[in-house]
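Undergrad: Before we start, here is the structure in question, set down as structure tokens.
The values are calculated or read from the model by the stated rules, or taken from the named source; none is laboratory data. Worth saying up front: this structure is predicted, and the values here are computed from it rather than measured. Virtual Cβ from ideal backbone geometry, glycine too; neighbours counted across all protein chains shown.
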Amino acid sequence: MKTTYILLLCFLFTCLLQGQERFLTKQGYTSFFSSSPVEDIKADNNQVLSIIDTSTGAIAISILMKSFLFEKSLMQEHFNENYVESDTYPKATFKGKIDEINKLGNSEETITIKGDLTIHGVTRSIKTQAKITKSQDNISLKGSFPVNVSDYNIKIPAVVINNIAKTIEVTFELDHKPYKN
């Protein structure tokens, strides 16, 4: 009987430890901003899925392209149908690593994130700096990085080429909580 209780406690302890290694958000935020002499374009997305494994520093992010909301509905329609072709390429993804995540304390720190960003079916390696705040029950990431539209084979029609910047600024805020199976 004693052995059964010890095994049960060991199993429970192992499950608790594993749960604290992974942190998840289903309501992360990302946006992009394009500034040109003709107009500024901004879109927001509050349905970003992200998971971090603190034992390895691995991070994975998935963004549904149709979840970007624009001020003007026509911009949103053109974005989904003509530029990123959301029906063919429904998601943007990032798979990478947060450097030295195990050495972080409880204060906000600047860290490096490296990995592969896939947009419009094209994958490119990126490296960016972000602010991270880590505690026992939360990991918060905030940052931004530039994306060259041409790097991801996104075609801009000649008629609106001056309306859209060649480089888009992508901003993210991801507030992760411990993952529970």
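Undergrad: How many residues, within the stretch 136-149, are aliphatic (A, V, I, L, M) and either within 14 Å of residue 33 (Cβ to Cβ) or free of Cβ contacts under 8 Å to residues at least 24 places away in the same chain (or both)?
TA: The total comes to 2.
Undergrad: Just the residues that are in contact with a helix residue (DSSP H, G or I) (Cβ under 8 Å, 6 or more places away or on another chain), surrounded by fewer than 16 Cβ atoms within 10 Å (Cβ to Cβ) and under 14 Å from residue 22 (Cα atoms), please, taken from the stretch 136-181.
TA: Within the stretch 136-181, 180, 181 qualify.
Undergrad: Could I ask something else about it? Hey, can you tell me all the residues within the stretch 143-181 that are charged (D, E, K, R), within 20 Å of residue 81 (Cα to Cα) and modelled with pLDDT of 90 or more?
TA: 151, 166
Undergrad: Pairs needed: first member in the stretch 28-49, closer than 16 Å to residue 74 by Cα; second member anywhere, of a type in the set (Lys, Arg) and in a strand (DSSP E or B); C-beta distance under 7 Å; at least 6 residues apart or different chains.
TA: Within 7 Å, no pair qualifies.
Undergrad: If you don't mind, another one. Return the only residue of 47, 27 being exposed (fewer than 14 other Cβ atoms within 10 Å of the Cβ), closer than 17 Å to residue 177 by Cβ and either within 19 Å of the chain's Cα centre (by Cα) or hydroxyl-bearing (Ser, Thr, Tyr) (or both).
TA: Just a single option satisfies the conditions, and that option is 27.
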